[in-house]
Amino acid sequence: MLALEILGALLVGVTLGLLGAGGAMVTVPILAYVVGRPAKLAVAESLLIVGSIALVSALQYARRGLVDWRTAILLAVPGMIGGVLGASIASFLSGRTQMLLFAAVTVAAAIRMLTAKPVPEGVVYTPRPAWQPLSAGLGIGVLTGLVGVGGGFLLVPTLFGLLGVPMRRAVATSLVVIATNSLMSFGKHAWALRDADPGIDFQVAAIFVLFGVAGGFAGTWVSPRIPQATLRTVFAVALVLAAVTIVVAEVFPRGTT
């Protein structure tokens, strides 16, 4: 089991480092179906894991001067508010409902990754009016808190598709917002689950964070060397397969006929 947790954590980190997105799409299914965590705890622990890994990866990109801090702040502030709101709504939903919503969001992410058109590197872009990133940040934050996704699969296309941020800067900026949204949402989930039995497994989370950070370093190093279009296509296919697995597992759980 420990070996599977380590492999899963490395995969989460590499995904975040390469794409600036998709960490929770990997983390939630691994926690729920490989590690065996209850659905609500898998969602909460995913937020802690992804937020921590994204924070470390974001710092690497920031050292290279790739983070668009104006846009990151305009997305992150309403995103944190939305994250708390989404986590509050999630407390009224069953674990199965959250997982099925997660599967639907995963398919939407795959479609978005395949259809979004990136801005070529080196193109000078004009910052958009503040209301655009503010409203986008709020909506993505709600989704983060609701189903435990960092929102990078929406943030990256939003940054380079709607807001005109070149791809590399979009990935870097996305990681900043993922970190703030995820960690704020985790705090709300942890409070709601404070009396749960079992509760948050910080040992499992620590393993994922430790090896996920290592994977994140690898991902940020490899990222400039692989065409982003290729990465998005491969990842989109993986997302669809993950969504199908989740739906089958939730609609036809083990032990049923």
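Of the helices (runs of 4 or more DSSP H) lying entirely inside the stretch 10-117, those containing at least 2 residues that are in contact with a His (Cβ under 8 Å, 6 or more places away or on another chain) are 39-63, 69-90.
Residue by residue, here is whether (1) over 11 Å from the mean Cα position of the chain (by Cα); (2) of a type in the set (Val, Ile, Thr); (3) part of a loop (DSSP other than H, G, I, E, B) holds:
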{"site": "LEU155", "(1), (2), (3)": "no, no, no"}
{"site": "ARG168", "(1), (2), (3)": "yes, no, no"}
{"site": "ALA172", "(1), (2), (3)": "yes, no, no"}
{"site": "SER185", "(1), (2), (3)": "yes, no, no"}
{"site": "ASP195", "(1), (2), (3)": "yes, no, yes"}
{"site": "ILE200", "(1), (2), (3)": "yes, yes, yes"}
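Just checking, which of ARG194, ARG225 is under 20 Å from VAL147 (Cα atoms), without any contact (Cβ under 8 Å) to a residue 24 or more places away in the chain and surrounded by fewer than 22 Cβ atoms within 10 Å (Cβ to Cβ)? When all the criteria are applied, what remains is ARG194. Just so you know, in the stretch 5-37 the residues that are more than 14 Å from ALA218 (Cα to Cα), crowded, with 24+ Cβ neighbours inside 10 Å and among the β-branched types (Val, Ile, Thr) include one that is modelled with the lowest pLDDT, and it is VAL26. If the condition is being buried (at least 21 other Cβ atoms within 10 Å of the Cβ) and either touching an Asp or Glu at 6+ places or on another chain (Cβ under 9 Å) or of a type in the set (A, V, I, L, M) (or both), then the stretch 40-55 contributes LEU41, ALA42, VAL43, ALA44, GLU45, LEU47, LEU48, ILE49, VAL50, ILE53, ALA54. Filtered by the rule that a residue be in contact (Cβ under 8 Å) with a residue 40 or more places away in the chain and of a type outside the set (A, V, I, L, M, F, W, C), the stretch 54-84 gives SER57, GLN60, TYR61, ARG64, ASP68, ARG70, THR71, PRO78, GLY79, GLY82, GLY83.
In the set VAL56, VAL28, VAL50, only one residue is within 12 Å of the chain's Cα centre (by Cα) and within 20 Å of ARG168 (Cα to Cα); that residue is VAL50.
The values are calculated or read from the model by the stated rules, or taken from the named source; none is laboratory data. Remember, predicted model here, so these are calculated numbers, not experimental data. Every residue, glycine among them, receives a Cβ derived from its backbone with ideal geometry; neighbour counts consider all protein chains shown.
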